[in-house]
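Report on the structure given below.
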Amino acid sequence: SVSRSVTGGRGFARGALVVTEVALALVLLVGAGLVLRSLDRLFAVSPGIQPAHVLTMQIVDAGGRGRTAIEGDAERFAFYQQVLDAVRNVPGVTSAGLTSQLPLSGDIDGYGYVFEAHPERQAGEDGSAMRYSVTPDYFSVMGIPLRQGRLLDGTDRAGAPQSFLISESLARQTFGAADPVGQHARFGPEADGTGPWGTIVGVVGDVKQQSLVANNTAAFYVVGSQWRWVDVVQSLVVRTQGDAAALTNSVKRAVWSVDRNKPITRVATMEQLIERTASERRFASVIYQTFAI
């Protein structure tokens, strides 16, 4: 009788253990499934650009010894304009532009800002916005959509009233449902109130700068000739008719036809940059799937 009681107790314990193990396994499977669904959503995040057929490379104009800052900026601006002219003449190139920082490349360049519509706020109180000093063709090359107003163009040049584009996330957090086009703003060095107000002429789609999962998409865009300085290092972006990587050497030769002494670094297609950004999360997905199995 005692033996049967002990045996029955052990059987009950084994049964309870099996039920517990199954319940824990189900919890783990459900948790793994939810994580995988979250990762799938991350992989589906849009970078805010159209990366196919876009070649990028970084150009460095580090010269300028013996020149004043103004002279150096004028020569640097002229150099980069000549580069664009040369690259646009390369067979297979449909358009080309320049930017001070390239999405998903590791570049981080943010500045504080103030809006005339919110005089009670100080520069930096609302955080910072990514600063893109660009040429007007940058948006068509990268496939960044216009949401409101107009894009930057040839009328936005040195000596003309300063014009800005802002990202839709910055427009939303600052103006809500109101139209930001025509509003006045100061960005970067001018945000301390020493410079004139610039005008927001348009709103463009959000672009992922740091990674596909980072939400810091507040950004402003200005043409290089209307910024306080011309950036020494700029990224050339080139949209091509076919395989972007196949035009690498031709585009390099075009740059060096202007000045063969200028370094060219960090050559990659936009698709490659996006792939690198996603590689770590893809590895995490494989690990989760392994544990789920």
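If the condition is being buried (at least 21 other Cβ atoms within 10 Å of the Cβ) and touching a Gly at 6+ places or on another chain (Cβ under 6 Å), then the stretch 132-161 contributes SER133, THR135, TYR138, VAL141, ILE144. The residues on offer are PRO119, PRO91, and the sole one that is more than 24 Å from ALA254 (Cβ to Cβ) and either free of Cβ contacts under 8 Å to residues at least 12 places away in the same chain or open to solvent by 60 Å² or more (accessible area, probe 1.4 Å) (or both) is PRO119. Those strands (runs of 3 or more DSSP E) of the stretch 90-170 in which at least 3 residues are within 17 Å of the chain's Cα centre (by Cα), considering only elements entirely within it, cover 93-99, 129-134, 163-167. Would the stretch 90-99 turn up any residue that is at negative phi and at pLDDT below 95? No, the stretch 90-99 contains no residue that is at negative phi and at pLDDT below 95. The residues on offer are GLN122, GLN148, GLN210, GLN173, and the sole one that is within 30 Å of THR240 (Cα to Cα) and modelled with pLDDT under 95 is GLN210.
Residues that are surrounded by fewer than 16 Cβ atoms within 10 Å (Cβ to Cβ), closer than 17 Å to GLN58 by Cα and touching a Leu at 6+ places or on another chain (Cβ under 8 Å) do occur in the stretch 232-250. Among the residues of the stretch 94-116, those identified as surrounded by fewer than 20 Cβ atoms within 10 Å (Cβ to Cβ) and within 16 Å of LEU273 (Cβ to Cβ) are SER105, GLY106, ASP107, ILE108. Taking the stretch 171-184 as the range and being in a helix (DSSP H, G or I), more than 11 Å from PHE220 (Cα to Cα) and either open to solvent by less than 40 Å² (accessible area, probe 1.4 Å) or polar (S, T, N, Q) (or both) as the test, the residues that pass are GLN173, THR174, PHE175.
Checking each residue in the stretch 185-207 for being at negative phi and in a loop (DSSP other than H, G, I, E, B) picks out THR194, GLY195, PRO196, TRP197, GLY205, ASP206, VAL207.
The values are calculated or read from the model by the stated rules, or taken from the named source; none is laboratory data. Since this is a predicted model, take the numbers as computed values, not measurements. Every residue, glycine as well, gets a Cβ built from its backbone with ideal geometry; the counts of neighbours run over all protein chains shown. For the accessible areas, the whole protein counts, side chains as well, though only heavy atoms, and no ligand, DNA or RNA atoms are used. Shrake-Rupley method; radii C 1.70, N 1.55, O 1.52, S 1.80 Å.
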